[in-house]
Amino acid sequence: MDKKFNIRKESFFQVNDEIVEKLYSYVRDITLLLSSKIVLDLYCGVGTIGIIVSDLVEKVVGVEVVEEAVVDANQNKRLNNIKNIEFINSKVEDVISNFNNEFDTVIVDPPRSGLDRKTKDVLLKEKFKNIIYISCDAVTLARDLFELSTVYNFKSIELFNMFPRTYHVECVCVLNR
Ligand SMILES: C[S@@+](CC[C@H](N)C(=O)[O-])C[C@H]1O[C@@H](n2cnc3c(N)ncnc32)[C@H](O)[C@@H]1O
């Protein structure tokens with residue numbers, strides 16, 4: 001996608017190059033469609049999604065727990081000459097309450113366990129304008145959507161066959177107020 005990414009062995013990176021480009025292009029399209037301006041990229045890994053949407057928005061803040069991945073993310077920021085993104089090395093649940101709905105779009109891409117209690121409580125309380133939920137586990141996604149849909153409207157879901165010949169599927173859901 002015209003971007004370069006440095007990846008340490010400790011850092012997460014999607015393994016299916018062909019499908020991940022389709023997924024990230026789709027997230028770009030959605031970001032544009034939602035007229036997003038200030039974006040939170042939670043569970044950001046080496047900064048991929050935030051970097052890929054950065055030219056469409058005013059500002060991105062990424063949060064990632066793995067220290068090495070954040071070192072990569074900052075290197076990737078420089079490698080791609082991106083100015084409007086910053087990364088925080090932390091667990092999402094430890095910093096999420098510092099963010100408010102100044103952020104119009106929250107992208108979450110959690111591990112299979114999905115969103116934890118505290119993160120969901122803040123998403124429900126702050127009522128962000130848009131949530132783009134990227135999930136690799138349909139069961140925890142369904143659990144989280146059930147709760148989030150008490151406050152947000154479920155707009156769409158798109159599936160990506162990231163792991164062919166397995167039952168796993170990557171989902172991108174769009175929610176808004
Ligand atoms: C499915 S990966 C997504 C990474 C990135 N969005 C991408 O597309 O490459 C999930 C990421 O969340 C990170 N992570 C897991 N638990 C976390 C937590 N509690 N707080 C912040 N990051 C976490 C993992 O280290 C991993 O990089």
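Does the stretch 101-116 hold any residues that are surrounded by fewer than 18 Cβ atoms within 10 Å (Cβ to Cβ), in contact with a helix residue (DSSP H, G or I) (Cβ under 7 Å, 6 or more places away or on another chain) and within 18 Å of Val57 (Cβ to Cβ), and which are they?
Taking the stretch 101-116 and keeping what is surrounded by fewer than 18 Cβ atoms within 10 Å (Cβ to Cβ), we get 101-102, 111-113, 116.
Still in the running and in contact with a helix residue (DSSP H, G or I) (Cβ under 7 Å, 6 or more places away or on another chain): 101, 112-113, 116.
Answer for the stretch 101-116, where residues must be surrounded by fewer than 18 Cβ atoms within 10 Å (Cβ to Cβ), in contact with a helix residue (DSSP H, G or I) (Cβ under 7 Å, 6 or more places away or on another chain) and within 18 Å of Val57 (Cβ to Cβ): just Asn101.
Report, ordered by the first and then the second residue, all pairs with beta carbons closer than 8 Å, sequence separation of six or more or different chains, a first member in the stretch 8-29 that is more than 15 Å from Gln75 (Cα to Cα), and a second member that is assigned to a helix (DSSP H, G or I) and away from the ligand (no atom under 11 Å from the Cβ).
Val27/Val53; Arg28/Val53; Arg28/Leu56
Of everything in the stretch 157-177, what is within 16 Å of the chain's Cα centre (by Cα) and exposed (fewer than 13 other Cβ atoms within 10 Å of the Cβ)? Give them in sequence order.
Leu159
Between residues in the stretch 135-150 that are more than 16 Å from the ligand (Cβ to nearest atom) and residues that are in a helix (DSSP H, G or I) and aliphatic (A, V, I, L, M), which pairs lie under 8 Å by C-beta distance while being six or more apart or on different chains?
Glu147/Leu124; Leu148/Leu123; Leu148/Leu124; Thr150/Leu124
Under 8 Å by Cβ, and 6 or more places apart or on different chains, what pairs join a residue from the stretch 95-109 that is farther than 18 Å from Ile52 by Cβ with one that is in a loop (DSSP other than H, G, I, E, B)?
As it stands, the answer is Asn101/Lys127; Asn101/Phe128; Asn101/Lys129, since those pairs meet every condition given.
Okay, residues lined up against (1) in contact with a helix residue (DSSP H, G or I) (Cβ under 9 Å, 6 or more places away or on another chain); (2) closer than 18 Å to Val27 by Cβ; (3) among the hydroxyl-bearing types (Ser, Thr, Tyr):
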{"residue": "Arg78", "(1), (2), (3)": "no, no, no"}
{"residue": "Lys118", "(1), (2), (3)": "yes, no, no"}
{"residue": "Tyr152", "(1), (2), (3)": "yes, yes, yes"}
{"residue": "Cys171", "(1), (2), (3)": "yes, yes, no"}
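For the list (1) over 14 Å from the mean Cα position of the chain (by Cα); (2) under 27 Å from Asn100 (Cβ atoms); (3) away from the ligand (no atom under 12 Å from the Cβ), I need the number of the one condition that Asn6 fails.
(2)
Could you please let me know if Ser11 is surrounded by fewer than 16 Cβ atoms within 10 Å (Cβ to Cβ) and hydroxyl-bearing (Ser, Thr, Tyr)? Outline the logic, then answer.
Details: surrounded by fewer than 16 Cβ atoms within 10 Å (Cβ to Cβ): no; hydroxyl-bearing (Ser, Thr, Tyr): yes.
Answer is no for this residue.
Let's see how each residue does on (1) more than 13 Å from the chain's Cα centre (by Cα); (2) under 14 Å from Cys44 (Cα atoms); (3) among the hydrophobic types (A, V, I, L, M, F, W, C); (4) surrounded by 14 or more Cβ atoms within 10 Å (Cβ to Cβ):
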| residue | (1), (2), (3), (4) |
| --- | --- |
| Glu58 | yes, no, no, no |
| Glu68 | yes, yes, no, yes |
| Asp72 | yes, yes, no, yes |
| Asn81 | yes, no, no, no |
| Ile134 | no, yes, yes, yes |
| Ala138 | yes, no, yes, yes |
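Can you give me the number of residues within the stretch 97-117 that are hydrophobic (A, V, I, L, M, F, W, C) and either in a loop (DSSP other than H, G, I, E, B) or at pLDDT below 95 (or both)?
Keep residues of the stretch 97-117 that are hydrophobic (A, V, I, L, M, F, W, C), which gives 99, 103, 106-108, 115.
Retained after the next criterion (residues that are either in a loop (DSSP other than H, G, I, E, B) or at pLDDT below 95 (or both)): 99, 103, 115.
Total satisfying the criteria: 3.
The values are calculated or read from the model by the stated rules, or taken from the named source; none is laboratory data. Everything numeric here is computed off the predicted structure, so don't read it as measured data. Cβ sites come from the backbone with ideal geometry, for glycine too, and all protein chains shown count toward neighbours.
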